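Here is the structure we will look at, set down as C-alpha cells.
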Amino acid sequence: MISIKNKINAVKHIIYIYAATGINFIFAFLISILSTKNLGANLFGDYRYVINVFTFTTLIVLFGVYTTGSLVIAEEKNDKHIKRIIGTLILLCLLSSVIMGVLISLYTIFYGNQSSLIFFVMPFVFVLPFQNLLENILQGYNKINHLSLLRVLPNTVLLTLVYFFY
C-alpha cells in the first residue's frame, strides 16, 4: 500500500519533470529564434549541422548503457555496489567520449562539410555523454529535483549567452 506521503512526493516529481520539460521547450524555441536572427540562415544551418553530428554520434556510441546503469542503480540496495556501478559508468563515459571523438574526426576528415567548425568544438565532445550520464544517475537515485535542474540548466546558460552576446 502506497502512503499519502509517497503519493505527494510522486506528484511533486511529476510536476518538476513537466515544468522542466516545458521551460526547456520554451528556452530551446527562444534560442532558435535568437540564433536564427543573429547568425543568419547559413551560419544557423552550420550550427545545427554540428549539433546534429554530435547528437547522432552520442546516440550511436551510448546505445542505452546509461539507461541500463540507471535501472541497476535504482534496484541496488548496497551503497558500495552503487558507487562501483557509478565508477564503471564514468569509465564507460570517458571511453565513449574518446570513441565519439574518433568517429567525429573520421567523419569530418572524409565527409564533413564543416570540418573547421567541428574541429573547433571538438574539445567539448565529452559534454553530451557526461550530461546523459548525470541524468541517468540522478534518475536511478530518484533525485528528480536535481534531474529537473540538470535538464533546464544547459538551455538556461545558452539562452543567457545568446541574449547577451548578440
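Results, tabulated for the structure shown:
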item: Candidates Ile60, Ile86, Ile31, filtered to the one that is closer than 23 Å to Phe164 by Cα, in contact (Cβ under 8 Å) with a residue 24 or more places away in the chain and in contact with a helix residue (DSSP H, G or I) (Cβ under 8 Å, 6 or more places away or on another chain); result: Ile31
item: Members of segment 78-113 that are surrounded by 16 or more Cβ atoms within 10 Å (Cβ to Cβ), more than 21 Å from Leu150 (Cβ to Cβ) and polar (S, T, N, Q); result: Ser105, Thr108
item: Condition met for Phe130 (of a type in the set (Phe, Trp, Tyr) and at pLDDT below 90); result: no
item: Boolean, Leu138 is free of Cβ contacts under 8 Å to residues at least 40 places away in the same chain, crowded, with 16+ Cβ neighbours inside 10 Å, touching a helix residue (DSSP H, G or I) at 6+ places or on another chain (Cβ under 8 Å) and of a type outside the set (Gly, Ala, Ser); result: yes
item: Residues (free of Cβ contacts under 8 Å to residues at least 24 places away in the same chain and touching a helix residue (DSSP H, G or I) at 6+ places or on another chain (Cβ under 9 Å)) located in segment 141-164; result: Lys143, His146, Leu150, Pro154
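The values are calculated or read from the model by the stated rules, or taken from the named source; none is laboratory data. As the structure is a computational prediction, the values presented were derived from the model and not from experiment. Glycine gets a Cβ as well: all are built from the backbone with ideal geometry, and neighbour counts include every protein chain shown.
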